[in-house]
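Q: Here it is, the structure in full.
The values are calculated or read from the model by the stated rules, or taken from the named source; none is laboratory data. On a predicted model such as this, the values are computed, not experimentally measured, just so you know. FYI the Cβ positions are ideal-geometry reconstructions off the backbone, even for glycines, and counts take in every protein chain you see. The area values use the complete protein model at the heavy-atom level, side chains included, leaving out ligands, DNA and RNA. Shrake-Rupley method; radii C 1.70, N 1.55, O 1.52, S 1.80 Å.
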Amino acid sequence: MPETEYKEDVPSSDPSKVIELFDLPAWILVNFDNLDSLKRDLSELTIWGEVNELLQEVPPLHLSLQDSSGGSMVLEFTNGEVIIHENPNGVLTNSPELPWHLSNLRNYVNLSPYMKETEINGITYKGIGFGSGYVGIPGDVTPPSRFVRISFLREFSNSVETEEEGVMLALHLVNTVDIPAGVSKREESSTEAFESTQWVTIRDNKKLKLYFRTYD
């Protein structure tokens, strides 16, 4: 998220309250077992970003967190402050900030899993096949469009009962926002500067299982 701004002036009075961003996930996993207990300590923590040698920059990141009870929370860093967002929608893509994405869903409240029909001048017109309720859903690979697709498709998907069904549903949903190599490029003169979905991970937070699929 390019809008990310970490704290620049790091206090030295209490080193136990200061942490670098890449150490934050391990600190969270070691010290907390639910999001409620984490929120209390985050308010007293100073988080800063260090230049990553591989990327040659301070990575502008935000964090999506879930616990075994189904809670979902997002951490964003704005003007050097840690902003905590409750995320009942459970979806996070990239820029801009999470509140913008949630507000943007209001533009798509017409979407529906049902076939549409309407009457014009006494003639009934039916949608062309199943899926006509999704006419207008954005199909590009920008973060806002991917956020909309996942939010609505997950909401309308059939519920699952088993772990295997959950993993299969997650894979099918992620496939709708998967970016093939080469379809999203930064500039015409470059053959290397493109985005792609390099890997996919699926976490089972109750059984503590991690599934992953690489691009190849």
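Q: Just checking my list [x] 33, 19, 17; [y] 36, 22, 18; [z] 30, 18, 16 against semi-axes √(5λ) of the Cα gyration tensor in Å computed from this structure; which label fits?
A: [y]
Q: Given a Förster distance of 25 Å, report the FRET efficiency between residue 29 and residue 211 from their Cβ-Cβ distance, rounded to the nearest 0.05.
A: 0.90
Q: Now for a different question. Determine how large the accessible area of residue 195 is when every protein chain is in place; take a 1.4 Å probe and give Å² rounded to the nearest 10.
A: Near enough 90 Å² of accessible area.
Q: If each residue of separation counts as 0.36 nm, what is the full-extension length gain between residue 81 and residue 8 once their alpha-carbon separation is subtracted?
A: Value of the extension gain: 25.3 nm.
Q: Another question, if that's okay. Given a 1.4 angstrom probe, I'd like the percentage of the accessible area of the chain that is carbon and sulfur, rounded to a whole number.
A: 52 percent
Q: To the nearest 0.05, how large is the calculated FRET efficiency for residue 97 and residue 186 if R₀ is 30 Å and r is the Cβ-Cβ distance?
A: 0.85
Q: Right, something else. Cβ neighbours within 10 Å, averaged per peptide: list 101-108, 73-80, 155-162 in order, most packed at the top.
A: 73-80, 101-108, 155-162
Q: Tell me the per residue accessible area of the range 67-213 using a 1.4 Å probe; a whole number in Å² is fine.
A: Using a 1.4 Å probe on heavy atoms only, each residue of the range 67-213 averages 66 Å².
Q: Next question, about the same structure. In percent, what relative contact order does the range 61-216 have, based on Cα pairs under 8 Å that are 6 or more apart in sequence?
A: Relative contact order comes out at 14 percent.
Q: Ordering 146, 186 by accessible area with a probe of 1.4 Å, largest first, what comes out?
A: 186, 146
Q: Can you give the accessible area of residue 125, probe radius 1.4 Å, in Å² rounded to 10?
A: So the heavy atoms of residue 125 present about 110 Å² to solvent.
Q: Eight or more residues apart or on different chains, and alpha-carbon atoms under 21 Å: count the Lys pairs in the chain matching that. Numbers along the way, then the final one.
A: Working: 7/17; 7/39; 17/39; 39/206; 116/126.
Within the chain, the lysine pair count is 5.
Q: For residue 177, what accessible area in Å² do you get when you roll a 1.4 Å probe over the heavy atoms of the protein chains, rounding to the nearest 10?
A: 30 Å²
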